[in-house]
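The values are calculated or read from the model by the stated rules, or taken from the named source; none is laboratory data. Just so you know, these numbers come straight off a predicted model, no measurement behind them. Here the Cβ positions follow ideal geometry from the backbone for every residue, glycine too, while neighbour counts run over all protein chains shown.
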Amino acid sequence: MCESKERQDPLQEAAFEALKAADNLAEAIRAVEAAGALTREQLEQLRDLRPASLMPPQITREAVDALRGLAESLEPDIKGETKTWFVHDEHDMSGGHEESATSDAGFALIWLRSALQNLAELLMLLRNWQAAERIAQQLRS
């Protein structure tokens, strides 16, 4: 990553990375919409996620937990879009193996889950940097 004077501050860098993750989440939401992979209620829940609402001056643990919960709630939908089957060995010597295939909707859901998890982690990092800044200011006073 290119180092610039404006982005050497760890808090500013964490905010920048979280904003990039929010943009990635927006792309993942568009992909899920295009794939028709979610219910109307799930889509409405996702549409409420906007960078400004995700990154208020003080990020709460509840907001981060909500993102993680939303990511976790996609698991049944992802499993529903993934088919697994057993392939027998032609001569039954190796016992066979499992194969699986994921639909386009499943891949969109996986991307969405990953984007939600990534944003949650980056917001938690940003929250921790904010807390560290407050503590450091208190120690200096």
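Can you pull out the helices (runs of 4 or more DSSP H) entirely within the range 46-141 that have at least 1 residues that are at positive phi and surrounded by 16 or more Cβ atoms within 10 Å (Cβ to Cβ)?
Working: elements: 51-54, 61-73, 75-80, 104-140.
No helices (runs of 4 or more DSSP H) qualify here.
Quickly run through the range 30-45 and pick out the residues that are modelled with pLDDT of 85 or more and either among the polar types (S, T, N, Q) or outside any helix (DSSP H, G or I) (or both).
Those that are modelled with pLDDT of 85 or more and either among the polar types (S, T, N, Q) or outside any helix (DSSP H, G or I) (or both): GLY36, ALA37, LEU38, THR39, GLN42.
Take the range 112-141 and flag every residue that is among the hydroxyl-bearing types (Ser, Thr, Tyr) and either in contact with a strand residue (DSSP E or B) (Cβ under 8 Å, 6 or more places away or on another chain) or closer than 30 Å to LEU43 by Cα (or both). Reasoning before the result, please.
Residues of the range 112-141 that are among the hydroxyl-bearing types (Ser, Thr, Tyr), as a first pass: 114, 141.
Of everything in the range 112-141, just one residue is among the hydroxyl-bearing types (Ser, Thr, Tyr) and either in contact with a strand residue (DSSP E or B) (Cβ under 8 Å, 6 or more places away or on another chain) or closer than 30 Å to LEU43 by Cα (or both), namely SER114.
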